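Working notes, structure below.
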Amino acid sequence: MERNLEVRCDSLLPDATETSITKVSPHISAGVEALIDLIDHVLKARSGRIYNCHRQGNGLSFRIEYGGSLTELCYALEAAQVQTISLGRQLRIHKDLGTADRLNQLYSFQERIDSHGIGHARLATESRVSPDRSHPFWAYGFSDVDVHNGQLTNYCKLRRRFQHLGYRFRTDNDSELIAIYCRPLPAEGIRTVLRLRAQSI
Ligand SMILES: NC(=O)CC[C@H](N)C(=O)O
């Protein structure tokens, strides 16, 4: 099954803020190659493969063939210090820091031929400003993502409860909890979110 995979790996791909993406330094090329090899290795071990790949801002964007568990693939990448930004058939997520103009330069959004695009600028309340703490959030392997305005005041309590149930959190941002919370109850959709809202007040 064909899927899109967007990843970041800060140890192999340094932030493009300092180095113009037009003049690719040998360091960045080596990082790109190493990251492609790593993902190729992880996929092949699970009967998957890479169709194509290109640099997208501070990350890499892949078209892959993979029919296994999405959660399992994300965990395997995480173990190799690779952060999965999105993995799916239609949705692509990009997370980064900067103004709309700078991100457009980095990711060439204007050149995209997609049906819809949504941008979100975060005003941080709960955790520090970094690409991985940007919205939207999603739980590995689940098909919906969440964007949230507000503050979950009982975040720590709910987070501990979910961790006891075996769920893994990737950040310390309260909004990630919504993605994890909705995950086991996809059919309930909005009702689940309303219940969460009621509990947070
Ligand atoms: N501005 C907001 O609504 C913040 C949302 C969320 N608490 C965050 O810190 O990302």
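The values are calculated or read from the model by the stated rules, or taken from the named source; none is laboratory data. From a predicted model like this one, the values you see are computed outputs, not experimental measurements. Here the Cβ is made from the backbone with ideal geometry for all residues, glycine too, and neighbour counts use every protein chain on show. What goes into the accessible areas is simple: the full protein's heavy atoms, side chains included, and nothing from ligands, DNA or RNA. Shrake-Rupley method; radii C 1.70, N 1.55, O 1.52, S 1.80 Å.
Using the structure shown, decide if residue 173 is within 16 Å of the ligand (Cβ to nearest atom) and either buried (at least 19 other Cβ atoms within 10 Å of the Cβ) or part of a helix (DSSP H, G or I) (or both). So residue 173 fits the description; yes.
Taking residue 128, is it closer than 23 Å to residue 84 by Cα, part of a loop (DSSP other than H, G, I, E, B), open to solvent by 20 Å² or more (accessible area, probe 1.4 Å) and modelled with pLDDT of 90 or more?
Yes; evaluated as a whole, the condition is true for this residue.
Only a single criterion out of (1) open to solvent by less than 60 Å² (accessible area, probe 1.4 Å); (2) more than 16 Å from the ligand (Cβ to nearest atom); (3) of a type outside the set (A, V, I, L, M) is not satisfied by residue 92, namely (1). Once the stretch 96-133 is narrowed to residues that are away from the ligand (no atom under 16 Å from the Cβ) and among the hydroxyl-bearing types (Ser, Thr, Tyr), the residue that is farthest from residue 177 (Cα to Cα) is 108. What about residue 133, is it open to solvent by less than 80 Å² (accessible area, probe 1.4 Å), more than 17 Å from the chain's Cα centre (by Cα) and at pLDDT 90 or above? No: the conditions fail for residue 133.
In the stretch 103-125, what residues are in a loop (DSSP other than H, G, I, E, B) and of a type outside the set (A, V, I, L, M)?
108, 112, 114, 115, 116, 117, 119, 120, 122, 125
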